[in-house]
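What follows is a set of notes on a single structure, which appears directly below.
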Amino acid sequence: MRKWVLAIAMIAAVPTAAMSADADAGKTVFNKCKACHQVDKNGVGPHLGSVVGRAAGSLPDYNYSDALKKSGITWDEAALDKWLQGPAKDVPGTKMIFAGIKDEGDRANLIEYLKTLK
């Protein structure tokens, strides 16, 4: 009996946000980003079309901070998750002024949505 309780507790402790990420819900979370970012053209921030898999600071037609250009980041799921928790904490000296998205599920959903942008 003790083994079953332990097994159930371990399963319950596994984070489910990444497993159940929802691009449609992420599109709603993206509204927080729209003040500065668009999908297809630069605004205050660089466009986010095809951001997943792209090297940070690499769009030729956007003026990035030196800190981001030198960061060595490639925008995969883990890098985006860390960045979205607080860009200035992740890359000190970045131009991006954003407090971050605290909710793990919202970040996972947003990342799932960003993966759909081509």
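The values are calculated or read from the model by the stated rules, or taken from the named source; none is laboratory data. These numbers come from a predicted model, not from an experiment. Cβ placement follows ideal geometry from the backbone for every residue including glycine, while neighbour counts extend to all protein chains displayed. Heads up: the accessible areas ignore ligands, DNA and RNA and are worked out on the full protein's heavy atoms, side chains in. Shrake-Rupley method; radii C 1.70, N 1.55, O 1.52, S 1.80 Å.
Peptide packing for 98-110, 37-49 was compared via the average number of neighbouring C-beta atoms within 10 Å per residue; ordered from the highest value, the list is 98-110, 37-49. For segment 67-118, just say rounded, prolate or oblate: build the C-alpha gyration tensor, square-root its eigenvalues into a ≥ b ≥ c, call rounded for a/c under 1.5, and beyond that prolate if a/b exceeds b/c, oblate if not. The shape class here is oblate. Were the residues from residue 88 through residue 59 laid out at 0.36 nm apart, the gain over their Cα-Cα distance would be 8.5 nm. Please enumerate, by chain and number, the lysines with C-alpha under 16 Å from the C-alpha of residue 102, excluding those fewer than 8 residues away in the same chain. Once the sequence-local lysines are set aside, what remains near residue 102 is 32, 82, 89.
Summing charges over all other residues whose Cβ lies under 13 Å from the Cβ of residue 34, with Lys and Arg as +1 and Asp and Glu as -1, gives +2.
Hey, what's segment 34-118 come to in accessible area per residue, 1.4 Å probe, Å²?
Details: 4720 Å² over 85 residues.
For segment 34-118, the solvent-accessible area averages 56 Å² per residue.
If I take R0 = 35 Å and measure r between the Cβ atoms of residue 23 and residue 70 in this structure, what FRET efficiency does the formula 1/(1 + (r/R0)^6) give, to the nearest 0.05? Spell out each step's value before the answer.
Values: r = 31 Å, r/R0 = 0.89.
So, using R0 = 35 Å, E works out to roughly 0.65.
Figure note: 74, 94 ranked by solvent-accessible area, largest first, 1.4 Å probe, ligands and nucleic acids not counted: 74, 94.
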